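I have placed the structure first, in the form of structure tokens, so that the comments after it can refer back to it.
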């Protein structure tokens with residue numbers, strides 16, 4: 001059964017703040033194999049004009065993906081997560097993520113479409129800092145595969 005189009009535009013409450021730590025940034029940079037010194041060295045980051053080390057561009061996935069649980073787990077939406085694959089991901093930045101930021105995510109359903117029995121749902125995650133400043137928007141597409149035989 002296709003997902004309900006009336007959910008397009010639905011917004012979910014902000015997540016609890018996530019404090020971005022220097023060590024978390026360093027660990028993430030190491031895990032993705034990016035040796036940019038602005039991710040690990042405060043002095044290098046400050047030389048580039050940042051107040052502290054900055055996070056790699058895909059770091060917000062650490063908080064935006066779990067935030068989408070509000071959408072995925074919404075019983076009214078009826079999404080069968082056992083059939084879901086991650087279809088696409090992009091980030092649109094206002095400013096870099098810095099160590100010390102306390103970030104919250106507000107998720108919204110941007111689009112729902114059904115193609116050949118598969119449901120495509122686009123979810124935005126607007127990330128705000130502790131001052132209410134918009135930092136980055138994550139947009140992800142989840143694909144709920146059609147049940148076999150349909």
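Okay, here's what the table says:
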item: Pairs, first on the phi > 0 side of the Ramachandran plot in the range 114-133, second surrounded by 13 or more Cβ atoms within 10 Å (Cβ to Cβ) and at pLDDT below 95, C-beta under 9 Å, six or more apart; result: 116/146; 117/2; 117/145; 117/146
item: Residue within the range 36-54 that is closer than 30 Å to residue 143 by Cβ, surrounded by 13 or more Cβ atoms within 10 Å (Cβ to Cβ) and either touching a residue at least 24 places away in the same chain (Cβ under 8 Å) or in contact with a strand residue (DSSP E or B) (Cβ under 8 Å, 6 or more places away or on another chain) (or both) present; result: no
item: Single residue of the range 64-76 satisfying the filter (part of a loop (DSSP other than H, G, I, E, B) and under 30 Å from residue 19 (Cβ atoms)) that is modelled with the highest pLDDT; result: 68
item: Conditions (1) within 18 Å of the chain's Cα centre (by Cα); (2) closer than 22 Å to residue 17 by Cβ; (3) surrounded by fewer than 15 Cβ atoms within 10 Å (Cβ to Cβ); (4) in contact (Cβ under 8 Å) with a residue 60 or more places away in the chain; number of the one not met by residue 101; result: (3)
item: Test: residue in the range 112-120 that is buried (at least 20 other Cβ atoms within 10 Å of the Cβ) and under 28 Å from residue 17 (Cβ atoms); result: no
item: Hey, residue 85 touching a strand residue (DSSP E or B) at 6+ places or on another chain (Cβ under 9 Å) and part of a strand (DSSP E or B) or not; result: yes
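A quick yes/no check of all residues on (1) modelled with pLDDT of 95 or more; (2) within 20 Å of the chain's Cα centre (by Cα):
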{"residue": "13", "(1), (2)": "yes, yes"}
{"residue": "17", "(1), (2)": "yes, yes"}
{"residue": "24", "(1), (2)": "yes, yes"}
{"residue": "29", "(1), (2)": "yes, yes"}
{"residue": "33", "(1), (2)": "yes, no"}
{"residue": "50", "(1), (2)": "yes, no"}
{"residue": "56", "(1), (2)": "yes, yes"}
{"residue": "62", "(1), (2)": "yes, yes"}
{"residue": "79", "(1), (2)": "no, yes"}
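The values are calculated or read from the model by the stated rules, or taken from the named source; none is laboratory data. Treat the numbers as computed from the prediction; the structure is a model and nothing was measured. Cβ coordinates were reconstructed from backbone atoms using ideal geometry, including for glycine residues, and neighbour counts include every protein chain displayed.
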